[in-house]
Amino acid sequence: MEKNHKSDFRKSCIKKLKFSSGFSKYYKNKIVVKKLEKFIKDSESNNILLYIPMDIEVDVRPLINKLRKIKNKNVYVPYMQGDSFKIIKYRLPLYTKKFGIKEPNNSFFKAAKIDLAIVPVVGVDSIAKRIGFGKGMYDRFFGRLTYKPTLVFTQLTLCKSNEILSCDHDIQSDYIITS
């Protein structure tokens, strides 16, 4: 896989997502969040990793707020740590950290095994492997887990390559949910 090709694809996806996030973003967010909600209900997952969205990502905050009110549902989010992240319980207030990402305060709470991970993507390649922002944090996090939760990639508008652009260590989705 040529590194340049992956980088060019990433740039074109980001451009597409920036346009999409300005154009009908509210409507697309509603569609994706509703699909995610149904998926979570159908999967009967209780320990769920979500994310705090950046501008071009699906705004899952309404879903986070809804899930937090349901008994037996535990909502976790990434907390950047070194070259990867750990999962912590979602709680307020949120603080803006490196790369403009919002996070709750660190916690020493040991999270349960997650059943389901909802992961934002910039794009996917032809074999449904994640193309992210290029930092590899999700790849390292899931690569270090001793078990495999169900992985759902989410995106406002699908940006998919017809080629394999990923490396062996890049994470692969079980499902992709988009508008």
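Each value in this text was obtained by applying a stated rule to the coordinates, not by laboratory testing. Predicted model, so just to flag it, every value in this text is computed and none were measured. Neighbour counts run over all protein chains shown; Cβ positions are idealised from the backbone, glycine included.
Taking the Cα centre as origin and putting +1 on Lys and Arg beta-carbons and -1 on Asp and Glu beta-carbons, what dipole magnitude results for the chain, to the nearest 20 debye?
On the way: 35 positive and 17 negative charges, 153 e Å.
Charge dipole of the chain: 740 debye, to the nearest 20.
Just the number, please: percent antiparallel of the DSSP beta bridges in the chain, rounded to the nearest 5.
Numbers: 11 of 26 bridges.
Roughly 40 percent of the DSSP beta bridges within the chain come out antiparallel.
Give me a comma-separated list of calculated 3J(HN,Hα) values for region 145-155, in order, Karplus coefficients 6.51, -1.76, 1.60 applied at θ = phi - 60°, integers in Hz, x for any Gly or Pro.
Calculated HN-Hα couplings, in order: 6, 8, 9, 10, x, 5, 10, 10, 8, 9, 7 Hz.
For an R0 of 30 angstrom, estimate the FRET efficiency from the Cβ-Cβ distance between Asn65 and Asn4 and round to the nearest 0.05. Can you show the working numbers first?
Details: r = 41 Å, r/R0 = 1.36.
Once rounded, the FRET efficiency stands at 0.15.
Could I have the simple spin-label model distance between Lys89 and Asn72, label points 7 Å from Cα toward Cβ, reported in nm to one decimal?
The answer from the label model is 1.9 nm.
Can you give the extra length, in nm with one decimal, that the chain gains between Lys30 and Met80 once fully stretched, where that is 0.36 nm per residue apart less the Cα-Cα distance? Please report the intermediate quantities before stating the final value.
Values: separation 50, 0.36 × 50 = 18.00 nm, distance 2.75 nm.
Gain on stretching Lys30 to Met80: 15.3 nm.
Output the Cα-based Rg and Dmax of region 1-90 in Å, rounding Rg to one decimal and Dmax to a whole number.
Looking at region 1-90, its Cα Rg and Dmax stand at 15.7, 47 Å.
In nm, to one decimal, how far is the Lys15 label point from the Lys113 one, both placed 7 Å along Cα→Cβ?
Result: 4.4 nm between the two label points.
When only C-alpha pairs under 8 Å and at least 6 residues apart count, what is the relative contact order of the chain, in percent? Present the calculation step by step, with values, prior to reporting the outcome.
Values: 319 pairs, mean separation 45.6, N = 179.
Relative contact order of the chain: 25 percent.
Check the cysteines of the chain one by one and keep only those with no other cysteine Cβ under 4.7 Å from their own.
Cysteines of the chain left without a disulfide-compatible partner: Cys167.
Quick check for you: which residues of region 31-47 have the amide N under 13 Å from the point 7 Å beyond the Cα of Asp174 toward its beta carbon?
Label zone hits: 39-47.
Could you sort out which of Lys6/Lys135; Lys41/Lys66; Lys16/Lys160; Lys30/Lys113; Lys73/Lys113; Lys11/Lys34 sit more than 19 Å apart by Cα distance in this structure? Walk me through the intermediate numbers first.
Details: Lys6/Lys135 13 Å; Lys41/Lys66 12 Å; Lys16/Lys160 11 Å; Lys30/Lys113 28 Å; Lys73/Lys113 12 Å; Lys11/Lys34 28 Å.
Those over the limit are Lys30/Lys113; Lys11/Lys34.
In the P(r) worked out for the chain, what percent of Cα pairs fall beyond 23 Å?
Numbers: 6170 of 15931 pairs.
Within the chain, distances greater than 23 Å cover 39 percent of Cα pairs.
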